[in-house]
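**Q** This is the structure, below, for whatever I ask next.
The values are calculated or read from the model by the stated rules, or taken from the named source; none is laboratory data. Please read all numbers here as calculations on a predicted model, not as lab measurements. Ideal geometry is used to build each Cβ from the backbone, glycine not excepted, and the neighbour counts take in all protein chains shown. The area values use the complete protein model at the heavy-atom level, side chains included, leaving out ligands, DNA and RNA. Shrake-Rupley method; radii C 1.70, N 1.55, O 1.52, S 1.80 Å.
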Amino acid sequence: MFLLYLLMSLTRKELYSTVFAQQFSPCGKYLVTGNNYGKIAVFNITDALSASASLKCKIPMHCFQAHESYIYCFVTIDKYLISGGSSEVQAWVWKDLIREKLPKPAWSIHPPSSNPFGVPETNALTVNQSNNTLILGCGDNNVYVYDIETRNLLKTIQGHSDFIHAVGYLGRSHQIISGGEDGFIKFWDERSYEFLEQIEPSKLETASRESIGHWVSCFDVDQTEEWMVCGGAAHSSVWHLRSKTATAVLPTPNSCTQVAKFEDDYILIAGSEPIVSKWSMNGSLRSTFPCTPDSVYSLEINRKLNRILSIAGSSYNIDISTNFEYKSFSLTFKD
């Protein structure tokens, strides 16, 4: 009877499993994923890609409880993988993550409590490597900037009227970017932390979907830092950053974009339907392909050993595409 209950419980956990965060290791040999149960799973991606790969190669090398609850985001620097979730932000030494079954965090950060409900969740992370700072986008509407070496809070950036979904950093113009539930993408001076300007994608007539809302769920900036793609309630749109001018709209009538990535000369888009689409910069749809998650929250690209695309969301399966045109196989996030 107990065994039957255990099997039913495992099935229920798998049924409601969502993978929000993914990151390839700096060497490119491993994929780390984080789910809504606060668990981190480590996959050997080299073994999984082998022509003779067995089913065992498609499950984690190891899986452990990293946070008490949801893991929403990862960011990596040479030594650390940094994870953010429903409470603390934690740093994991990469070699420990790969070698040990139960690694311990190297350090933790608890964003300051600005409301009676305690520490806000961290929905997005990015790193400014030029001054060794960690930038957090949080559920209390604030952006926090921490010194990675000392873990001291350097600045609290206020200006959004609802929680933050995405943060980024522009090295050439020394700007921090934040996007959130209030529908704005805001630009801040990295040195003074002063507000510079903002855009509101839902105000674009060809992108607006008033019946859905205004929120911005994601954005990405290309390597030249000349172009940005963003998405959310409004259809995804491409912007010229210096002029803050929209140049193209990428309509997805059956989906709200939850993740967007520049790759080569095109843009990858995914969201609230089981499809990944490829778009040209001018707004023309190049191709689409189906994926396992009903709702996609994360697209990660491995540019080290093997150029592959990893697709994760509302499923315990993580799809791997080796040609960015279809799913090649799936990894399975299981304990």
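**Q** Out of region 210-219, which residues are in contact (Cβ under 8 Å) with a residue 40 or more places away in the chain and open to solvent by 30 Å² or more (accessible area, probe 1.4 Å)?
**A** The answer is Ile212, Trp215.
**Q** Still on this structure, please answer the following. Give region 24-43 a look and list any residue that's open to solvent by 30 Å² or more (accessible area, probe 1.4 Å) and assigned to a strand (DSSP E or B), or say none.
**A** Within region 24-43, the first condition is being open to solvent by 30 Å² or more (accessible area, probe 1.4 Å), and the residues that meet it are 26-27, 29-30, 37, 39.
Tyr30, Lys39 - these are the residues of region 24-43 that are open to solvent by 30 Å² or more (accessible area, probe 1.4 Å) and assigned to a strand (DSSP E or B).
**Q** Pick from region 246-260 the residues that are farther than 17 Å from Ser280 by Cβ and touching a residue at least 24 places away in the same chain (Cβ under 8 Å): which of them is most open to solvent (accessible area, probe 1.4 Å)?
**A** Gln258
**Q** Here is a list of conditions, (1) under 27 Å from Leu305 (Cβ atoms); (2) modelled with pLDDT under 90; (3) in contact with a His (Cβ under 9 Å, 6 or more places away or on another chain), and Ser87 meets all of them except one; can you say which number that is?
**A** For Ser87, the failing item is (1).
**Q** Within region 207-260, count every residue that is of a type in the set (Val, Ile, Thr) and touching a Pro at 6+ places or on another chain (Cβ under 8 Å). Steps first, answer last, please.
**A** Just the residues of region 207-260 that are of a type in the set (Val, Ile, Thr), to begin with: 212, 216, 221, 224, 229, 238, 245, 247, 249, 252, 257, 259.
Cutting the leftovers down to touching a Pro at 6+ places or on another chain (Cβ under 8 Å) gives us 216.
Counting residues in region 207-260 that are of a type in the set (Val, Ile, Thr) and touching a Pro at 6+ places or on another chain (Cβ under 8 Å) gives 1.
**Q** Given Ser243, Ser236, Ser295, Ser277, which one is out of contact with any helix residue (DSSP H, G or I) (no Cβ under 9 Å at 6 or more places or on another chain), among the small types (Gly, Ala, Ser) and crowded, with 17+ Cβ neighbours inside 10 Å?
**A** None of the other options fit; the residue is Ser277.
**Q** A follow-up question, please. For Ser52, are the conditions met, namely being over 20 Å from Leu15 (Cα atoms), polar (S, T, N, Q) and surrounded by fewer than 21 Cβ atoms within 10 Å (Cβ to Cβ)?
**A** yes
**Q** Checking Arg172 against (1) outside any loop (DSSP other than H, G, I, E, B); (2) under 25 Å from Val259 (Cβ atoms); (3) among the basic types (Lys, Arg): exactly one of these is not met. Which one?
**A** So the condition that Arg172 fails would be (1).
**Q** Turning to a different aspect of this structure: Taking region 86-98 as the region of interest, how many residues are under 15 Å from Phe64 (Cα atoms) and in contact with a strand residue (DSSP E or B) (Cβ under 7 Å, 6 or more places away or on another chain)?
**A** 7
**Q** If you take the residues in region 170-201 that are of a type in the set (Gly, Ala, Ser) and under 21 Å from the mean Cα position of the chain (by Cα), which one is most open to solvent (accessible area, probe 1.4 Å)?
**A** Gly171
**Q** I would also like to ask the following. Does region 319-334 contain at least one residue that is of a type in the set (Ser, Thr, Tyr), in contact (Cβ under 8 Å) with a residue 60 or more places away in the chain, open to solvent by 20 Å² or more (accessible area, probe 1.4 Å) and not in a strand (DSSP E or B)?
**A** Taking every residue of region 319-334 in turn, at least one turns out to be of a type in the set (Ser, Thr, Tyr), in contact (Cβ under 8 Å) with a residue 60 or more places away in the chain, open to solvent by 20 Å² or more (accessible area, probe 1.4 Å) and not in a strand (DSSP E or B).
**Q** Is there any pair with a first residue in region 272-291 that is farther than 26 Å from Thr245 by Cα and among the acidic types (Asp, Glu) and a second that is assigned to a strand (DSSP E or B) and open to solvent by less than 50 Å² (accessible area, probe 1.4 Å) whose Cβ atoms are under 9 Å apart and which are 6 or more apart or on different chains, and what are they?
**A** Note: pairs meeting the criteria are Glu273/Val296.
**Q** Being modelled with pLDDT under 95, touching a strand residue (DSSP E or B) at 6+ places or on another chain (Cβ under 6 Å), hydroxyl-bearing (Ser, Thr, Tyr) and closer than 26 Å to Ser328 by Cβ is true for just one of Ser17, Ser54. Which residue is that?
**A** Of Ser17, Ser54, the one residue that is modelled with pLDDT under 95, touching a strand residue (DSSP E or B) at 6+ places or on another chain (Cβ under 6 Å), hydroxyl-bearing (Ser, Thr, Tyr) and closer than 26 Å to Ser328 by Cβ is Ser17.
**Q** Name the residues in region 261-274 that are open to solvent by 10 Å² or more (accessible area, probe 1.4 Å), under 18 Å from Met228 (Cα atoms) and charged (D, E, K, R), would you?
**A** Lys261, Asp264, Asp265
**Q** So, one more: Do you know which residues across region 185-209 are of a type in the set (D, E, K, R) and without any contact (Cβ under 8 Å) to a residue 24 or more places away in the chain?
**A** Hits for region 185-209 are Asp189, Arg191, Glu194, Glu200, Lys203, Glu205.
**Q** Which of the residues that make up region 146-165 are within 28 Å of Lys261 (Cβ to Cβ), without any contact (Cβ under 8 Å) to a residue 60 or more places away in the chain and open to solvent by less than 40 Å² (accessible area, probe 1.4 Å)?
**A** If the condition is that a residue be within 28 Å of Lys261 (Cβ to Cβ), without any contact (Cβ under 8 Å) to a residue 60 or more places away in the chain and open to solvent by less than 40 Å² (accessible area, probe 1.4 Å), then Tyr146, Ile157, His160, Ile164 are the ones that fit.
**Q** Sticking with this structure for a sec: What number of residues in region 54-84 are without any contact (Cβ under 8 Å) to a residue 40 or more places away in the chain, touching a Ser or Thr at 6+ places or on another chain (Cβ under 8 Å) and assigned to a loop (DSSP other than H, G, I, E, B)?
**A** Residues that pass the stated criteria total 4.
**Q** If Ile177 satisfies every condition in (1) within 17 Å of Leu241 (Cα to Cα); (2) of a type in the set (Val, Ile, Thr); (3) out of contact with any Gly (no Cβ under 6 Å at 6 or more places or on another chain) but one, which is the exception?
**A** (3)
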